[in-house]
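In what follows, a structure is listed as structure tokens, so that the remarks can point back to it.
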Amino acid sequence: MTLVLEQLLNGVQLGVMLFLLAAGLTLVFGIMGVINLAHGSLYMVGAYAAALAAKMTGSFLLAIPAGLAAAALTGMAVEYLVIRHLYARDHLDQVLATFGLILFFNQMIILLFGRQPIFVQIPPFLSGAIDLGLFPYPIYRLCIIAAGLLSAAALYFLIQRTRLGMLVRAGATHREMVQALGVDIRLLYTIVFGLGALLAGFAGLMAGPLLSVQVGMGEQILIMTFVVVVIGGLGSVAGAFWGALLVGLVDTSLRAFLPQIMRGFMAGSEADALASGISAMGVYLLMALVLLIKPKGLFPGHA
Amino acid sequence: MRKILFPILGLALLLAWPFVAEKIGSPALITLFTRMMILGLAASALNIALGFGGLVSLGHAAFYGIGAYAIGISTTHAISGEPFLGLVSGSNLLIVNVLVAVVVSGMAAAIIGALALRTSGIQFIMITLAFAQMVFFLFLALKAYGGDDGLTFRRRNALFDLNMRDDATFFYVTLGFLLVWLGICARVLHSRFGLLLGGIRQNERRMQAIGVNTFRLKWFAFIISGMGAGLAGALMANLGRFVSPDLMHWTTSGELLIMCVLGGSGTILGPVLGAFALIGLEATLNTWTEHWQAILGPLLVLMVLAFRGGLARIGGRKP
């Protein structure tokens, strides 16, 4: 029982990470109609910048703003130089241009940091485990969950309760109208893209100590994020949140429990191989299932 | 005039290529060109969905890889003598294996297409990518067929009494397959089916309104497209006598898209031209620096931003 609860917490932790990425992706799509394959690169930039800052200053607290700033600035530069010119283009052009950006970012990271993965220490004040009554749980992971949920709440507040959020919502549905009312829509787009990049960078810098920081880390999680966005409904931030939690929970529980269940039916090594295959495919099967029932996702956005 | 002249010149160049490559003392160029032709075939297959059907698939690496694995698995069983799943024996004949590869990848395209075509636009892009990843992970976990190490086999599949070991012979075999495929493409696309498909790309609702079952036609286009990608995979498996999940890495799907757009999607020869251009560019950049992707990436962005329509349409040729 405690094992199940622990794995559920792990699932939530993966879920909030996915949400941080999916929120940016779905906002950028919902508001600007752009598919951005290079969103994973911003996650990678955040992770590398934080790892570098942590190494140079020795302080995790300084690494956080470094990662956030690097991702947000990179994102805004990318928007200004490339994405801005793609708004009026079809999705194919967007895919190709952002694919080119991925190649560029990956190679630049290799040039700057080499191919070897970088390992980041969990900061001392967050290491260790805390007793949750039934079982001990790593403090760092709990912090990620808390940070993710706080970000989700802040994002909700930003979009629903502030002037900027109002413009964002209006820009998504009535672009020309907002422009006609004298709002600098290009600046708005750059800000939204930067916000998405900031969230991706936040996910990246938090992932650093859990996974190794390496080239290609962005694409791996990007494709999972696509699944989240499709399940949740394109353009819907609420959908991204629930979709991310669902995908996080399903993926983690399949990986945790399937091998044992399979071992009940067949020999150990075969069961492990098959179970790892099925659990890697699990979220994609989930996506196929959701699409069969609701082709527009669970929370269809307005886009 | 131009419309006939360039293809004939290109064909003549290809026919002469193995001799030229031997003469200038770099036989490795024969294999490079074989690779270009195979990827050209794959890009041309993707183009049936992309250029003619308007379906932006970012998952064609799956069909390409499935075609390659069909060859790898069949050949391995032929060598070991054990029947596949205890039912069918493997084969070492190219024609048989290619047919198997085409049928199996067509079936995969039928299943994935039936699900993915329920959506459109960006969702279609993401879903084809996700399904391709699913297939990728499936083969990664398939320990019986090498898992992430892949499968190696010693000899290429046999075709009549040809000496398939010889790279020049295999070059001509590939060229033959490419020509047959392009012939099929041209036939299909000028048929009633091809015209209807073009209509769907331009205005799906209007086609529905005049009573066309657009879902079924798009589905057929997707299946044919998957079959072509499978054929290319089958040839690629034979070229390297090696298959691995790397073949269906998602970047392969991206590169196939680039080839189509670079050469001109919606034209018959464009994607092949695009494959030659992209692989040639990669090979050239690779001789300059190991970090060639740092140059290729921005080049791609510039290509998308600056010029549209592709190589095949340069010089005012009509789409």
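For the stretch B:111-161, how many residues are in contact with a strand residue (DSSP E or B) (Cβ under 7 Å, 6 or more places away or on another chain) and within 9 Å of chain A (Cβ to nearest Cβ)?
0
Looking only at the stretch A:260-275, decide whether some residue is of a type in the set (Ser, Thr, Tyr) and touching a residue at least 40 places away in the same chain (Cβ under 8 Å).
no
For B:Val188, state whether it is away from every other protein chain (no Cβ under 14 Å), closer than 21 Å to B:Ala229 by Cα, crowded, with 21+ Cβ neighbours inside 10 Å and touching a residue at least 60 places away in the same chain (Cβ under 8 Å).
Criteria not met by B:Val188.
So which residues in the stretch B:240-272 are more than 12 Å from chain A (Cβ to nearest Cβ), surrounded by 23 or more Cβ atoms within 10 Å (Cβ to Cβ) and part of a helix (DSSP H, G or I)?
B:Leu247, B:Met248, B:Gly263, B:Gly270, B:Pro271, B:Val272
Tally time: how many residues in the stretch B:172-183 are buried (at least 17 other Cβ atoms within 10 Å of the Cβ) and either without any contact (Cβ under 8 Å) to a residue 24 or more places away in the chain or more than 25 Å from B:Leu231 (Cα to Cα) (or both)?
Residues in the stretch B:172-183 being buried (at least 17 other Cβ atoms within 10 Å of the Cβ) and either without any contact (Cβ under 8 Å) to a residue 24 or more places away in the chain or more than 25 Å from B:Leu231 (Cα to Cα) (or both): 0 in total.
Looking at B:Arg313 and the list (1) away from chain A (no Cβ under 14 Å); (2) under 22 Å from the mean Cα position of the chain (by Cα); (3) surrounded by 16 or more Cβ atoms within 10 Å (Cβ to Cβ); (4) modelled with pLDDT of 85 or more, which single condition is not satisfied?
(4)
Yes/no matrix, rows are residues, columns are (1) under 21 Å from the mean Cα position of the chain (by Cα); (2) without any contact (Cβ under 8 Å) to a residue 24 or more places away in the chain:
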site: B:Leu58; (1), (2): yes, no
site: B:Ile79; (1), (2): no, no
site: B:Ala110; (1), (2): yes, no
site: B:Gly113; (1), (2): yes, no
site: B:Gln123; (1), (2): no, yes
site: B:Gln133; (1), (2): yes, no
site: B:Leu142; (1), (2): no, yes
site: B:Leu151; (1), (2): yes, no
site: B:Asn163; (1), (2): no, yes
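Here is a list: B:Leu257, B:Leu273, B:Leu302. Which entry is over 18 Å from B:Leu55 (Cα atoms), of a type in the set (A, V, I, L, M) and under 14 Å from the mean Cα position of the chain (by Cα)?
Just one listed residue meets the conditions, B:Leu273.
Hey, could you check the stretch A:89-131 for residues that are among the small types (Gly, Ala, Ser) and surrounded by 13 or more Cβ atoms within 10 Å (Cβ to Cβ) and say which is farthest from A:Val213 (Cα to Cα)?
Looking at the filtered set, the residue picked out is A:Ala97.
Of a type in the set (Val, Ile, Thr), touching a residue at least 60 places away in the same chain (Cβ under 8 Å) and over 18 Å from B:Gly226 (Cβ atoms): does that describe B:Thr169?
The answer is no for B:Thr169.
Can you name the residue in the stretch B:278-295 that is more than 12 Å from chain A (Cβ to nearest Cβ) and among the β-branched types (Val, Ile, Thr) and, of all such residues, is nearest to B:Cys260 (Cα to Cα)?
Per the stated criteria, the residue is B:Ile279.
Being within 15 Å of the chain's Cα centre (by Cα) and free of Cβ contacts under 8 Å to residues at least 24 places away in the same chain: is that true of A:Leu195 here?
no
Yes/no per residue for (1) among the polar types (S, T, N, Q); (2) surrounded by fewer than 21 Cβ atoms within 10 Å (Cβ to Cβ); (3) in a helix (DSSP H, G or I):
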| residue | (1), (2), (3) |
| --- | --- |
| B:Glu82 | no, yes, no |
| B:Gly106 | no, no, yes |
| B:Ile111 | no, yes, yes |
| B:Thr119 | yes, yes, no |
| B:Leu129 | no, no, yes |
| B:Ala144 | no, yes, yes |
| B:Arg155 | no, yes, no |
| B:Arg165 | no, yes, no |
| B:Ala168 | no, yes, yes |
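Per-residue answers, yes or no, for (1) within 11 Å of another protein chain (Cβ to nearest Cβ); (2) farther than 16 Å from A:Leu18 by Cβ:
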| residue | (1), (2) |
| --- | --- |
| A:Val227 | yes, no |
| A:Val237 | no, no |
| A:Ala244 | no, no |
| A:Leu249 | no, no |
| A:Thr252 | no, no |
| A:Ala271 | no, yes |
| A:Gly297 | yes, no |
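Yes or no, residue by residue, for (1) touching a residue at least 12 places away in the same chain (Cβ under 8 Å); (2) crowded, with 24+ Cβ neighbours inside 10 Å; (3) part of a helix (DSSP H, G or I):
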site	(1), (2), (3)
B:Ile4	no, no, yes
B:Ile8	no, no, yes
B:Trp17	yes, no, yes
B:Thr31	yes, no, yes
B:Thr34	yes, yes, yes
B:Ile38	yes, yes, yes
B:Asn47	yes, yes, yes
B:Leu50	yes, yes, yes
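Every residue, every condition in (1) touching a helix residue (DSSP H, G or I) at 6+ places or on another chain (Cβ under 8 Å); (2) under 12 Å from B:Asn47 (Cβ atoms); (3) of a type in the set (A, V, I, L, M), yes or no:
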{"position": "B:Gly233", "(1), (2), (3)": "yes, no, no"}
{"position": "B:Leu247", "(1), (2), (3)": "yes, no, yes"}
{"position": "B:Phe276", "(1), (2), (3)": "yes, no, no"}
{"position": "B:Ala306", "(1), (2), (3)": "no, no, yes"}
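The values are calculated or read from the model by the stated rules, or taken from the named source; none is laboratory data. This structure is a prediction, so every number in the text was calculated from the model and none was measured. Heads up, the Cβs are rebuilt from the backbone with ideal geometry, glycines too, and the neighbour counts pull from every protein chain shown.
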